Amino acid sequence: MADCSNMGLGHVPQNLPRNINALNLSRNNITSVTNDAFVNYKSLLELNLNSNKINHISNSSFKGLGNLQSLEMADNCLDLSDVYTIDLFVPLRKLNILNIRSNMVQPINFSTVFTYPDKALSVLNQLTNLSIDLMPKPKFGQGFKLLKRLNRIEFQSCYVVSLTNETFKFFSSSVETLIMQNCRLNFVRVEIGTLLSFPELKVVDFSDTFMHLKQALLLLNPYTNKNMTIINFHHVSDVVIDNKEFPYSLILTTEMTKYLRRICVENLDLSQNGIVDYEPGSLFTFRYPECIQNMSVRANRFAMISNKIQLQYLNNFTRQASRLKTWDISYNVVSYPVSKENTISAYAGFDNPSDSIFNFSKSVEKFYASYVMANNLHIIYLIPINSSLKYVDLSYSISSGMMLFESDSQHYLPNLETFIDSGGDYYFIWQEFGRFTHNKLKTVVMKNRNLNEGIKAHPTDLFRNLNSVETLDISENNIWYFSDNLLDQMKNLSLLNVSKNLLQSIPIQLINHLKIKTLDVRNNLLTGINLEIRNWLDQMQTMHSMSLFLAGNAFECSCNSIDLIRWLQTTDVKLDSRSYNCVLPNGSNSNTLDAYNSFPDLFAYCESSMWLTVATTLLSTGFIIAILLVLYNKRWKIMFTLQGIINRVVEQKIKRQYTYDVYISYEGNAVYWIKETLVSKLEGEWGLNMCIRERDFLAGISHADNEAEAIKESRCIIFVITPGYTISPDRTFEINRAQYERIRSNLETVIVLTKDIKITDVPRIFSYIWNYAYLIEWADDDQFDSDAIWEKLKLLLTPRKAALLKKSKLLK
């Protein structure tokens, strides 16, 4: 084979080996094929001239190609009306495949009859496959009678506006495949006998050809009681076709489907056709249901079951459709309620619960039902014992029905391997698969399933009985922590997707999973990756390769993250990037790659910072002690003066507007003191705006989302630590969120206020924020100087606000 594609050639090269049997000249700049252009390549079996600029072919261009079997000339400028002379294809006596589609430009006049060059094509008596453009009103002459071996016809660049009973009358009756796709420029009117010339047709594909489903179904009249492989009527109706004769909102009738129902068809596609309902007996009453293997009615607008009669027909169909493998009802959105007179309860016998059960066919292997939104009835979709069902997608579906697996956990375990159920609540999969101690699940996708609440409710058994799962996608769930034993049962996990959550670190629990090959933590709140996780990732890379996705996090590029920055550039773990956005110690934005390349400039001080700190401390200790003794009595005056100077300098740069001045974190036993003492002082006397969760949190939003948004919109945070203060998941989240917002420079001041508790009894988790937190100790005794404490607290909370108010008065 000689591959000369995309080489900028302007003519057919003559210096190639003469014994080549395939020549690819596609995507060049050839405009003309001259006489004897291929006379040196008599062994050619395949010739590809696609995607050039050819507008002329000489009569003897194909001389010498008597062995050629396939000729591709698509996507050129070859006009069917004048290029194809009678003698052009004479040398091609063995040609089987001819592709000359996508050559004709869009016509100006759509009412003119176009006559095809039948005499030029008639000499190709061995032709089996023909791909050609379809003009508005095509006329195929008697020369097509001679193409007796023609088996497949494919029309492209489709400008057709009408097809009549005479259109294809000269084509060979041996044609088994007719493809007429993407004829969307005009509404195509057809006569009922259009396909009578193709009695042996096995494949009819009119997808995306706007002829309306009503017309398309009636074209099937020659094929009743015959076998067909494919009937593809996907999107043959469209909203642009909407009139009294051909309404877009279509109710299927028995008259419309009278031919379809009597065909033994293997693959049937009626998707995206505006179907809003179907008469009983019109859709699922096939004479040969055992023939159907794949069926799609996706992207319409009807409920599968809206009354008892439909349920009965559907159950009969699934019982008889013994070869049905794939069933797609996804993207069926019904916006109207099912009327009372059509409900199952309106029919006698509904007292029997079995009347509301839809029995799946045992043969179905894949079931697509995502984005099905219907006000339908309370139907139980029952998966029978020993079902072949391996793939189910119920994502973002809203329905009154329920899917249940009829299975004996001791003998007939579900064969399901892939379960996708994003959107809604986590409870179904937790309850349904909790029934089976073992199953065959390999892939589980539960995006946007409120799993943050599931982790709280079921910290140890949320993923119970999913020990066989290898791929788990729990992205978009507002997860901000993993409970200790969350994934203990999933020892076979190889791919974990926790992207678009609220994780501040990669869960340490993962180090116990030694089969993970892919970990996706993009778009979380990671500020770093600790050493233990990095070692685990490298171990996984050594064992079986490892891919890690980290984009969209809030990394720090500081002395504490030097090892991480180095690791990102040197590890063999497959990363989605080597350059991740990060924040430098001075608050400016950078990325990990630039930080790595600028180590001497950015981090030279880091290794010696400890010794520098010690030396500075020793030298300054004496001076500090002395000066403090002098300044002790005037400490508040000096602090207020310095604070004022700082505020005047910083004031020009302040652009941030906050919803709250102070966010209060506390446990229940501190509520009375906060209400009676702290609120009356801060809000009543000082005029600050406080955020207190029992008072200010919005209803209908998760607790974690409320806490995260409130801390983000607060200028300061006060942790009120009392003897009853316990470290619950919510308090841990508040501490971690405060740390995150402080790093992002959104939170100005962090205050830890201890009341009736020793500083040594403060929970150890507060050690993470001591570097930038202010400590205030409060005691309710006679020797306690509350005025001094109030002054200190006011100093920390109000100076910047006061400065801004003063500036606004001056501007007025």
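The values are calculated or read from the model by the stated rules, or taken from the named source; none is laboratory data. None of these values were measured; they are calculated from a predicted model. Note that each Cβ is placed from the backbone with ideal geometry, even for glycine, and that neighbours are counted across all protein chains shown.
Things worth noting here:
- Residue in the stretch 748-767 that is part of a helix (DSSP H, G or I) and either of a type in the set (A, V, I, L, M) or at pLDDT 85 or above (or both) present: yes
- Flag for LYS53 being closer than 23 Å to THR177 by Cβ, at pLDDT below 95 and either over 46 Å from the mean Cα position of the chain (by Cα) or assigned to a loop (DSSP other than H, G, I, E, B) (or both): no
- Which numbered condition LYS809 fails, given (1) modelled with pLDDT of 75 or more; (2) in a helix (DSSP H, G or I): (1)
- Any hit, the stretch 571-578, residues being more than 21 Å from TYR740 (Cβ to Cβ), surrounded by 14 or more Cβ atoms within 10 Å (Cβ to Cβ) and of a type in the set (A, V, I, L, M): yes
- Scanning the stretch 378-393 turns up at least one residue that is modelled with pLDDT under 75 and in a loop (DSSP other than H, G, I, E, B).
- Any hit, the stretch 726-746, residues being closer than 16 Å to ILE664 by Cβ, part of a loop (DSSP other than H, G, I, E, B) and touching a helix residue (DSSP H, G or I) at 6+ places or on another chain (Cβ under 6 Å): no
Residue-by-condition table, conditions (1) touching a Ser or Thr at 6+ places or on another chain (Cβ under 7 Å); (2) in a loop (DSSP other than H, G, I, E, B):
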| residue | (1), (2) |
| --- | --- |
| THR167 | yes, yes |
| PHE171 | yes, yes |
| LEU185 | no, yes |
| GLU200 | yes, yes |
| GLN215 | no, no |
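- Note on the stretch 436-462: residues that are within 25 Å of SER399 (Cβ to Cβ), modelled with pLDDT of 85 or more and assigned to a loop (DSSP other than H, G, I, E, B) amount to 8.
A quick yes/no check of all residues on (1) closer than 27 Å to VAL750 by Cβ; (2) modelled with pLDDT of 70 or more; (3) not polar (S, T, N, Q):
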{"site": "ILE565", "(1), (2), (3)": "yes, yes, yes"}
{"site": "ASP572", "(1), (2), (3)": "no, yes, yes"}
{"site": "ALA615", "(1), (2), (3)": "no, no, yes"}
{"site": "THR621", "(1), (2), (3)": "yes, yes, no"}
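- Qualifying residue in the stretch 48-65 (condition: loosely packed, with under 14 Cβ neighbours inside 10 Å, touching a Lys or Arg at 6+ places or on another chain (Cβ under 7 Å) and more than 26 Å from THR115 (Cα to Cα)): no
- Subset tally (residues that are in a loop (DSSP other than H, G, I, E, B) and either touching a helix residue (DSSP H, G or I) at 6+ places or on another chain (Cβ under 7 Å) or closer than 17 Å to GLU176 by Cα (or both)) for the stretch 123-148: 8
This table checks each residue for (1) within 15 Å of LEU796 (Cα to Cα); (2) at pLDDT 85 or above.
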{"residue": "PHE640", "(1), (2)": "yes, no"}
{"residue": "LYS655", "(1), (2)": "no, no"}
{"residue": "TYR663", "(1), (2)": "yes, yes"}
{"residue": "GLU667", "(1), (2)": "no, no"}
{"residue": "ALA670", "(1), (2)": "no, no"}
{"residue": "VAL679", "(1), (2)": "no, yes"}
{"residue": "HIS703", "(1), (2)": "no, no"}
{"residue": "GLU713", "(1), (2)": "no, yes"}
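- With respect to the conditions (1) of a type in the set (A, V, I, L, M, F, W, C); (2) under 27 Å from ARG744 (Cβ atoms); (3) part of a loop (DSSP other than H, G, I, E, B), MET490 falls short on a single one, namely (2).
- VAL160 vs. criteria more than 25 Å from LEU68 (Cα to Cα), hydrophobic (A, V, I, L, M, F, W, C), in contact with a Pro (Cβ under 9 Å, 6 or more places away or on another chain) and surrounded by 19 or more Cβ atoms within 10 Å (Cβ to Cβ): yes
- Some residue of the stretch 107-117 being hydroxyl-bearing (Ser, Thr, Tyr), within 44 Å of the chain's Cα centre (by Cα) and not in a loop (DSSP other than H, G, I, E, B): no
- The residues listed here are ASN186, ASN227; of these, the one that is at pLDDT below 95 and within 41 Å of the chain's Cα centre (by Cα) is ASN186.
- Among the numbered conditions (1) loosely packed, with under 15 Cβ neighbours inside 10 Å; (2) touching a Lys or Arg at 6+ places or on another chain (Cβ under 7 Å), the only one that MET7 does not meet is (2).
- Of note, LEU466 satisfies the criterion of being part of a loop (DSSP other than H, G, I, E, B) and over 30 Å from GLU709 (Cα atoms).
- Test: residue in the stretch 716-724 that is of a type outside the set (A, V, I, L, M, F, W, C), over 19 Å from ASP780 (Cβ atoms) and touching a residue at least 12 places away in the same chain (Cβ under 8 Å): no
- Scanning the stretch 138-157 for residues that are buried (at least 19 other Cβ atoms within 10 Å of the Cβ) and of a type in the set (Lys, Arg) yields a count of 0.
- Count of residues meeting criterion [of a type outside the set (Ser, Thr, Tyr) and at positive phi] in the stretch 91-107: 0
- Hits in the stretch 246-282 - residues which are without any contact (Cβ under 8 Å) to a residue 24 or more places away in the chain and assigned to a strand (DSSP E or B): none
- The sole residue among PHE419, PHE433 that is crowded, with 17+ Cβ neighbours inside 10 Å, under 18 Å from GLY454 (Cβ atoms) and at pLDDT below 75 is PHE433.
Results for (1) touching a residue at least 12 places away in the same chain (Cβ under 8 Å); (2) surrounded by 15 or more Cβ atoms within 10 Å (Cβ to Cβ); (3) among the hydroxyl-bearing types (Ser, Thr, Tyr), shown as yes or no for each residue.
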| residue | (1), (2), (3) |
| --- | --- |
| ASN501 | yes, yes, no |
| THR518 | yes, yes, yes |
| ARG534 | yes, yes, no |
| ASP563 | yes, no, no |
| LEU568 | yes, yes, no |
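- Within the stretch 695-735, tally of residues that are within 14 Å of VAL750 (Cβ to Cβ) and among the aliphatic types (A, V, I, L, M): 6
- Test for ASP782: is it in the same structural domain as ILE743 (by TED's automatic domain parsing), at pLDDT 80 or above and more than 18 Å from THR754 (Cβ to Cβ): no
- The residues listed here are LEU531, LEU526, LEU495; of these, the one that is within 24 Å of ASP572 (Cβ to Cβ), among the aliphatic types (A, V, I, L, M) and more than 25 Å from the chain's Cα centre (by Cα) is LEU531.
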